[in-house]
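Every number in this text was worked out from the coordinates using simple rules, so none of it is lab data. Only a predicted model underlies this, so the values are computations on that prediction, with no experimental measurement involved. So basically every Cβ, Gly included, is an ideal-geometry build from the backbone, and we count neighbours across all protein chains shown.
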């Protein structure tokens, strides 16, 4: 995540703490550049024992990582549980934008948050109002540049980290070619997407939205019944064809950070043709999710944080995987097939209570892809790690 951990390390050191950072590849090392960097060059099999020894020798009191489903993170989480060492997990925010997740113990499918709507309402009633919260800027150009630097440093230092293997299913060079093809067709994609959005806005035809997630996302592989996005597309399109009314459309939206290695537009079209709904399934390859969500009859998601965005707008949501927001009275609980004809909207009071508890326990203000956003994340992360409550901006 670019300079996130360097900035957090600087913030913790300034607050009087000692910080160590494990680097698994050249990208980690490039963005750390602080004292106490530890280059782990051993195998994944030897990692749990090596990590356990680090916790002992360095007298570690807390462990912080980004995502808890990567190959080295899952055994590290297990070692932390065995030792009783608190594990703090960063992720992109359960609620976006302007918030990031920093949750104790695990995130998403590993979260300890309950699924009882009454618990959220009762707990929220004991909490003070959320302090005033301002938006933070984010730069896609910055995100892309940092990703490019990280992957380049990784590729050119593989000789030094002989056992390292990226958690993503593709070599960085393959992803780079996918991005090149995608960006080369950017104007064409924007034009076709703009035309689709205009048609949907001008038409009275109801539609459901299915925002795709990244095929490499651990939330798909570990916290859903699907092996990948292709099988999810098949399931959703087939259910839509069998159970949705003939006057309803389905809009499949591409993830903005999809690398273009696989042609999801073609795979969606193939599934729509296979199940006889080619004339009612649209593919949105570019564009802001806000307007397309506002006009939707409902949203189908596996476990994307797009779901909480839909709930915040009062849009009915059905979840196909394991998601922290899949709570009765918020998401539809009758399954995908019933959703097409009975998309029940979320209870606003329950969602408001859920959001308040989420902020208290799992979220901090800020973002990862601008100086202002990073400064805010570091300040609030240090306070959260020190046990301090959320402070006003």
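Would you mind calculating the gained length between residue 119 and residue 173 on full extension (0.36 nm times residue separation, minus the Cα-Cα distance), in nm to one decimal? Write out the running numbers ahead of the final one.
Working: separation 54, 0.36 × 54 = 19.44 nm, distance 4.75 nm.
Stretched fully, the residue 119-residue 173 segment lengthens by 14.7 nm.
Using r as the Cβ-Cβ distance of residue 266 and residue 62, and R0 as 51 Å, what FRET efficiency do you calculate, to the nearest 0.05?
Values: r = 46 Å, r/R0 = 0.91.
Efficiency, rounded to the nearest 0.05: 0.65.
For helix 348-361, what angle does its Cα long axis make with the longest principal axis of the chain, in degrees from 0 to 90 and rounded to 10?
20 degrees
Averaging sequence separations of C-alpha pairs under 8 Å and six or more residues apart, then dividing by the length of the stretch 1-143, give the relative contact order as a whole percent. Working shown, then result.
Details: 128 pairs, mean separation 19.4, N = 143.
With pairs under 8 Å counted, the relative contact order is 14 percent.
Over the chain, what relative contact order in percent results from Cα pairs under 8 Å that are six or more residues apart?
Numbers: 616 pairs, mean separation 85.5, N = 393.
Relative contact order of the chain: 22 percent.
With everything on Cα atoms, drop me the angle between helix 172-184 and the longest principal axis of the chain, reported from 0 to 90° to the nearest 10.
40 degrees
Which ordering of 18, 305 is given by a fewest-first count of other beta-carbon atoms within 10 Å? Show your work: numbers first, answer last.
On the way: 18 12, 305 23.
Ranked by crowding around the Cβ, least crowded first: 18, 305.
Output the peptides 120-126, 130-136, 235-241 sorted from most to least packed, where packing is the average of other Cβ atoms within 10 Å over each peptide's residues. Provide the component values of the computation, followed by the final result.
On the way: 120-126: 15.6, 130-136: 13.0, 235-241: 21.3.
Packing order, densest peptide first, comes out as 235-241, 120-126, 130-136.
Pairs of Cα atoms under 8 Å, at least six residues apart: use those to get the relative contact order of the stretch 203-352, whole percent. It would help to have the intermediate numbers written out before the result.
Numbers: 255 pairs, mean separation 39.0, N = 150.
Value for the stretch 203-352: 26 percent.
When the chain is treated as a GNM, springs tying every alpha-carbon pair under 10 Å, which of 107, 377, 290 comes out with the largest mean-square fluctuation?
Between 107, 377, 290, it is 290 that shows the largest mean-square fluctuation.
Which order results if 14, 253 are arranged by neighbouring Cβ count within 10 Å, fewest first? Mind showing how you got there, number by number?
Values: 14 10, 253 22.
Neighbour counts put them in this order, fewest first: 14, 253.
Once the Cα atoms of helix 229-243 and of the chain are each reduced to a long axis, what angle between those two axes, in degrees from 0 to 90 to the nearest 10, is obtained?
Approximately 30 degrees, to the nearest 10.
I need the peptides 197-206, 329-338 ranked by packing, meaning the mean over residues of other C-beta atoms within 10 angstrom, with the highest value on top. Display every interim value, and only then the final one.
Working: 197-206: 12.0, 329-338: 17.3.
Per-residue Cβ counts within 10 Å, averaged per peptide and sorted highest first, yield 329-338, 197-206.
Looking at the chain only, what percent of DSSP beta bridges run antiparallel? Nearest 5 please. Before the final figure, lay out each step's value.
Numbers: 8 of 30 bridges.
Around 25 percent of the beta bridges assigned by DSSP in the chain are antiparallel ones.
Among 119, 159, which comes first, second and so on when ranked by fewest other beta-carbon atoms within 10 Å?
Values: 119 15, 159 7.
Taking fewest neighbouring Cβ atoms as first place, the list is 159, 119.
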